[in-house]
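Here's the structure, in structure tokens; my notes come after.
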Amino acid sequence: MTARIAYKRVVMGLHQSTPDRTTVRLAAEFAGLLRLDLMGLFIEDPGMLAPAQRPGAREFQLLGRRWRPLEPQSLTRDIELCALSARRMLDETAKTLGVPSRFEVVRAALREAMKAVSQASDIVIIAEPHNPAERAIAPFPQLVKAAFESAATVLYLPRRIARARGPVVAIATSPDDPSLATAETIAAAAQESLIVIEAFKREAEAAPDSAGAAGIPVARLSVARSALGDIRSLSSAIDGLRERMIVVTRGAFGEGDGDKPAALAALQSVPLLLVEPAGAPASEPANEPANERLGRPETA
Amino acid sequence: MAENAPETGENATPLPIERLYRAADLSKLDFKTTADLEPVEGLIGQSRALDAITVGTGIVRQGFNLFAIGPAGALTRKAVEQVLKEAAEDRPAPTDWVYVNNFKEPQKPIAIALPAGRAAQFRDAMGELIEALKAAIPAVFQSEEYQTRRGSIDEAFQKQQSEAFAELQKKAAAQSIVIVRTPLGFTLMPAREGEVIPPNEFNALPEDERDKIQAVIETLEKDLEHIIHQIPQWEKERRDEIRRVNTETAQVAVEQPIAEAVQKVGDIERVAAHLDAVQADLIENISIFVGQAGGGEPAESGDMIGGPFDRYEVNVLVSAEAGDGRAPVIEELHPTLPNLTGRIEHIARQGVLITNFRLIKPGALHMANGGYLMLDARSLLTEAFSYQALKRALRQKKIVIEDVSRLVGMSSTISLEPDPIPLDVKVVLFGDRVLYYMLSSIDPEIGEHFKVVADFEDDFERSPENEAILARFVASILAREELKAMDRDAVALVLEHASRLAENAGKLTLMVDEIRDILAEADYWAGAETRETVARADVRKALDERIRRAARLRDRSQEMILDKVALIDTDGARVGQLNGLSVLSLGGFAFGRPSRITCQVTPGSGKVVDIEREVELGGPIHSKGVLILAGFLSGRFALDIPMSLSASLVFEQSYGGVEGDSASSAELYTLLSAIAEIPLRQDLAVTGSVNQHGDVQAIGGANDKIEGFFDICNARGLTGSQGVLIPEANVRHLMLRDDVVEACKAGRFAVYPIATIDQGIALLTGRPAGTRGADGRYPDGSVYRAVEDRLQRFAEIRRSFGRGGEGGSEAKS
């Protein structure tokens, strides 16, 4: 038997740059597919206001490509507008798709906020920015790091998504790898087939019974466990599967995974779902509002 | 002539029975019922018109279109259509026409001609092409090869940017500076071990240290600015590269399906050219198949107008697929401009009216192109713009789709200007003669465009041979309309009625639709009597019922006369009063009605006053007839003295106006009676026009007029002295009702043929009209003597008035 995580929410991690509408739609569709609630989590890191408090600070605006003095008031207003815009976009998209949604603004450092809010029953969505600069500089790297360190499952959306249809690929390092059950759930909901990449030596007669239980076609491929350490080799191994999503358990790529999940998602141009391994630390109570736990007032 | 007229009315004897009604002569045909007769196809008695149609259809020159004039009727048109269809068999099947998108100028759709029947093949080939591409293009664009190429371009771009930022970040980190994303852009901050130095700590630093940091930040800001300014150029290079890869990929995806389409329809030069344009456009607009990113989902299409794949479809305007491969013969019953020249439809999409080449709809000219188009002239002329548009099309020899709303300047919607389509059509206009002659007089172009006139006869000669032909034609109608066969007597009555319809005992009508209607009604009545074969009684019943249904006004009119509301005497005699006869024609039903005409005379200046004219109730022809009376009087009586008469004539109890001169003889008799103070018989009614010499001339509606007076007399009781005076020239027109004929046969009614006024006045007064003797005077006791004596007295009165004397006693008659 593989452990099956009972997911409750899809949490979209947002920060002070306005989210991409396509990304929001993908998140809402994913929540709808799994019949989960969609939650927009706008993290307002107080540290991000620090630049405006330095005398002579200025920002280079992408729109207009010019320098502008950076002032605390205008920066605060811009962040609030970002939150407002993100909220409107999320609400409208969720309403259009008929997905239950809520939106929270959390004023805390990224890592703290992510740790406090996300739970084992959450799927946190991290969308890779299109702009390389945004990917390289704060706060995106911090957001990714915080998400991967949280108790939640993480859905990493690469910049470009090649296809919206195709089988779901599960990379399993053991017969009871949690990725199997999650991948099966997603494949069944999406009415797709499931392809299991088995990076373990399986006893011939002991075919896992989780995959296929939902009545979906299941195919299996074997790769060496060591292949997971080399993302390019792994990508070549699964070349031609034309998958729509990869599901893998955290730690499958080696100690700490590093940036390999993101790299595999980018190489394959498909979303990658990073599932918490079995026996991961229990999460905090699910229904407690994040701001209460953080002891800060809710702003939106 | 009046000079040779008989001295008395003795010659005005009643017409013999055989002159009142001419029975059909079917001696040339041996049959019991029409089932025994050989049918006659096509039209009968119309050789002149049919020859014209043959000429018109045979001359392949511009302007040799046909204008068919004569009695309108569905059967006539059907027969002409049959002639046209036979002519169409000698013409080649017309080409198919389609409209396709003009990729360079979408507002000007391209018309393409294809061999007959191949439009559908072209349309289907394009449909299959698009369906194939819907599968092939996304497949190619989702292939690993494409994704890899595309991914490598993106990666290169990303890498280029990433490296630039990484370099900057590294350079910044080396100087303890970090780059931070703000909601609207980027900023640089002093850092310690990768973390931003809190503002309070930074502000606590010595000023020179803060200045150094600020200087470093300013240097790095320039680097940041430089990188960001480079991004658009990098992005452009990326897009160009992706476009190049997309084009190459699309080329691969499109080539094979296009080649298959060329295989099917590429032998047609313009189609091949269109396929080239399609290929180029497909490559240019590949995103509609694969989404904007080249890796997304294809756009939605469906059959909805405005869908992304519309541009590649084929709008089949006309195709031999729908016909029988022969030249078309089309009749357009509602020739509005759109129905004639085609139209461009619009649909509302999000509050905006949109259109494209798929919404071009054909008109009758498109449908008839290469063949024949039949149009009703009256319908054409009553539709705004249609007649002019037809003439333009015939002159230009091409069909230009014209938008009515644009013509009247009421539309600002963007519309299309489709390629005009070459026109090669024979137009046949149907209209009555009056319309044609009127049109000819006001539109000189009618002769330019309709050079051949097919003049259909209203009737044809009534001979035993033609009666036999008409009988066979009746048999044809019965067979074609699936009506019961007719027996011999019934056919005879139909032929006799055909003569009555022609208003001439010596003619047979060619208003075949009228005959067909009677046959249908007779069939109904035969069915009501459960007869297998239509008998004469059924035809009689049909004719009587037709009259009964339409005769409400006639009955009311007669009722008023019988009730003495409208005053008409049918016995006795009276000075200056006579029964004239008129015909009322309403809704296709005509009936005769007697009208009392009276006259008063006084000494005067020789003027005959037409009261109808004075009050503007008389038409010009009627007024002309009255003026002729003065001419008659002057010529006959005022030879050596000035006419010193003032007379007034009126149609009593006439409130609706009088037109025509058929009452002029009656008015003259009344005038003579008033002058001569000799009473006229009231048991007679008179019809006929007169000239200045006193000759009585033919009029129309003789049968209806006789029957109108007969009905009144019959209702009051026939006395044997009653009758009607008709012009002798009208005798040939008589086809009177059975009851009238029977009454005449029994001597209870009479029809008198009258050639001159002398004859008529003698009959009406019982006195001879009179002929001037050697002494230059009319004989004593004659009507004219009395007239002349009275006129002389009037002249003396006028003279005495001129001298200031007396003489007023003779002022009134």
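The values are calculated or read from the model by the stated rules, or taken from the named source; none is laboratory data. The shown structure was predicted, so the numbers you read here are calculated from the model rather than taken from an experiment. Positions of Cβ are backbone-derived with ideal geometry, glycine not excepted, and every protein chain shown enters the neighbour counts. We work out accessible area using only protein heavy atoms, side chains counted, and drop any ligands, DNA or RNA first. Shrake-Rupley method; radii C 1.70, N 1.55, O 1.52, S 1.80 Å.
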Original post:
In units of 2.2 N^0.38 Å, what is the alpha-carbon radius of gyration of segment B:119-311?
Top reply: 1.64
Subject >> Debye intensity ratio I(q)/I(0), log10, segment B:636-777, q values 0.10, 0.12 Å⁻¹ (C-alpha model) >> reply: -0.37, -0.53
Subject >> Surface per residue (accessible, 1.4 Å probe) for segment A:168-275, Å² >> reply: 39 Å²
Subject >> Rounded to 10°, Cα long-axis angle of helix B:536-550 versus longest principal axis of chain B >> reply: 80 degrees
Original post:
Using a 1.4 Å probe, what is the accessible area per residue for chain B, in Å²?
Top reply: 45 Å²
Original post:
So which residue, out of A:ALA170, A:ALA50, A:ALA116, gets the largest mean-square fluctuation from a GNM of chain A using Cα contacts under 10 Å as springs?
Top reply: A:ALA50
Subject >> Carbon/sulfur fraction of accessible area - the protein assembly as shown, other protein chains in place, 1.4 Å, % >> reply: 50 percent
**OP:** Per DSSP H run of at least 4 residues, take -39500 (n - 2.57); add these up for chain A, divide by its residues and hand me the 222 nm value, nearest 500 deg cm²/dmol.
**Re:** -9500 deg cm²/dmol
Original post:
Working out 0.36 nm times the residue gap between B:ASN200 and B:ALA23, then minus their Cα-Cα distance, what length gain in nm do you get to one decimal?
Top reply: 50.6 nm
**OP:** Quick one: dipole size for segment A:168-275, taken about the Cα centre, charges +1 on Lys/Arg Cβ and -1 on Asp/Glu Cβ, in debye to the nearest 20.
**Re:** 240 debye
Original post:
Can you pull the mean other chain C-beta count within 10 Å for peptide B:131-142?
Top reply: 1
Subject >> the protein assembly as shown, dipole about Cα centre (Lys/Arg Cβ +1, Asp/Glu Cβ -1), debye to the nearest 20 >> reply: 1380 debye
Subject >> Whichever lysines have a C-alpha closer than 26 Å to that of B:LYS397, once near sequence neighbours (fewer than 8 apart) are set aside >> reply: B:LYS85, B:LYS108, B:LYS361, B:LYS426, B:LYS451
Original post:
Which one of B:GLN396, B:VAL491, B:TYR437 has its Cα pushed farthest toward the positive end of the charge dipole of segment B:391-502, where Lys and Arg give +1 and Asp and Glu give -1 at the Cβ?
Top reply: B:GLN396
Original post:
Residues with amide H under 5 Å of B:PHE651's amide H, sequence separation 5 or more or different chain, H placed in the peptide plane at 1.01 Å from N; which?
Top reply: B:GLU612
Original post:
Out of segment A:31-69, which trypsin sites (Lys or Arg not before Pro) are coil in DSSP terms and have no more than 14 other C-beta atoms within 10 Å?
Top reply: A:ARG35, A:ARG65
Original post:
Using unit Cβ charges (K, R positive; D, E negative) and no other charged atoms, how large, in debye to the nearest 20, is the dipole of segment B:119-311 about its Cα centre?
Top reply: 80 debye
Original post:
Can you list the GluC sites (Glu not before Pro) in segment B:89-146 that are in a DSSP coil and have 13 or fewer other beta carbons within 10 angstrom?
Top reply: B:GLU89
Original post:
Other chains' Cβ within 10 Å of A:56-67 residues: what's the mean?
Top reply: 6
Subject >> lysines whose Cα lies under 29 Å from that of B:LYS607, excluding same-chain neighbours fewer than 8 positions away >> reply: B:LYS624, B:LYS812
Original post:
Separation between the B:GLN107 and B:ASP276 pseudo-spin-labels, each 7 Å from Cα along Cα→Cβ, expressed in nm?
Top reply: 2.7 nm
**OP:** Go through segment B:517-618 and name the chymotrypsin sites (Phe, Trp or Tyr not before Pro) that are in a DSSP coil and have 10 or fewer other Cβ atoms within 10 Å of their Cβ.
**Re:** none
Original post:
Which is farthest toward the positive dipole end of chain B among B:ALA156, B:ALA774, B:LEU645, measuring Cα position about the Cα centre, with Cβ charges +1 (Lys, Arg) and -1 (Asp, Glu)?
Top reply: B:ALA774
**OP:** With a length cut of 20 Å (Cα positions projected on each helix's long axis) and a Kyte-Doolittle mean of at least 0.5, go through chain A and give me the DSSP H helices that pass.
**Re:** none
**OP:** Beta carbons within 10 angstrom, averaged per residue: use that to sort the peptides B:751-760, B:92-101, B:458-467, highest first.
**Re:** B:751-760, B:92-101, B:458-467
**OP:** Calculate how steeply helix B:664-676 sits against the longest principal axis of the alpha-carbon atoms of chain B, using the helix alpha-carbon long axis, and give the answer as 0 to 90 degrees to the nearest 10.
**Re:** 40 degrees
Subject >> Between segment B:521-593 and segment B:644-666, the Cα center-to-center distance that results, in Å >> reply: 25 Å
**OP:** For segment B:718-747 and segment A:90-164, write down the distance between their C-alpha centroids in whole Å.
**Re:** 111 Å
Subject >> Percent of C-alpha pairs per 20 Å bin, chain B, short to long >> reply: 12, 26, 23, 16, 10, 7, 5, 1, 0
Original post:
Viscosity 0.692 mPa s, temperature 37 °C: Stokes-Einstein D of segment A:168-275 from its Kirkwood Cα radius, in µm² per second?
Top reply: 241 µm²/s
Subject >> For the pair B and A, total buried accessible area rounded to nearest 100 Å², probe 1.4 Å >> reply: 3600 Å²
**OP:** Would you be so kind as to list the residues of segment A:116-163 that have their accessible area lowered by at least 30 Å² in the full protein complex compared with their chain by itself (1.4 Å probe)?
**Re:** A:PRO132, A:ALA133, A:GLU134, A:ALA136, A:ILE137, A:ALA138, A:ARG159, A:ARG160, A:ALA162, A:ARG163
Original post:
Which residue, A:LYS115, A:LYS145, A:LYS201, has the most motion in a Gaussian network model of chain A that connects Cα atoms within less than 10 Å?
Top reply: A:LYS201
Subject >> Net charge of neighbours whose Cβ lies under 14 Å from the Cβ of B:VAL140, counting Lys and Arg as +1 and Asp and Glu as -1 >> reply: +1
Original post:
Against the longest principal axis of chain B, how steep is helix B:512-528, in degrees 0 to 90 to the nearest 10, with axes from Cα atoms?
Top reply: 80 degrees
**OP:** Enumerate the lysines that B:LYS171 could reach by cross-link, defined here as Cα to Cα under 19 Å, with residues fewer than 8 away along the same chain left out.
**Re:** B:LYS159, B:LYS212, B:LYS222
**OP:** Sort out the exposed loop GluC sites (Glu not before Pro) in chain A (DSSP loop, at most 14 other Cβ within 10 Å) and tell me the longest stretch that has none.
**Re:** A:1-202
**OP:** With the Cα gyration tensor of chain A in hand, give its eigenvalues times 5 under a square root as the equivalent ellipsoid semi-axes, listed largest first in whole angstrom.
**Re:** 36, 20, 18
Original post:
Most mobile of A:GLY258, A:GLY56, A:GLY64 per a Gaussian network model of chain A (Cα springs, under 10 Å)?
Top reply: A:GLY64
Subject >> Inverse of mean 1/r across different Cα pairs in the protein assembly as shown, Kirkwood, Å >> reply: 40.3 Å
Subject >> Value of relative contact order over chain A, rounded to a whole percent, pairs C-alpha under 8 Å and six or more apart >> reply: 21 percent
Subject >> Peptide-level mean, for B:188-199, of C-beta atoms on other protein chains within 10 Å >> reply: 3
Original post:
According to the Kirkwood expression over distinct Cα-Cα pairs, how big is the hydrodynamic radius of segment B:1-142, in Å?
Top reply: 23.7 Å
Original post:
Whose amide H sits under 5 Å from the amide H of A:PHE200, counting only residues 5 or more places off or on another chain, with H placed in the peptide plane?
Top reply: A:VAL223
Original post:
Shape of segment B:487-645 from its Cα gyration tensor (a ≥ b ≥ c, root eigenvalues): rounded if a/c is under 1.5, otherwise prolate when a/b > b/c, or oblate?
Top reply: prolate
Subject >> Furthest towards positive pole of dipole, A:ALA28, A:PRO46, A:ILE137, structure part chain A, Cβ charges >> reply: A:ILE137
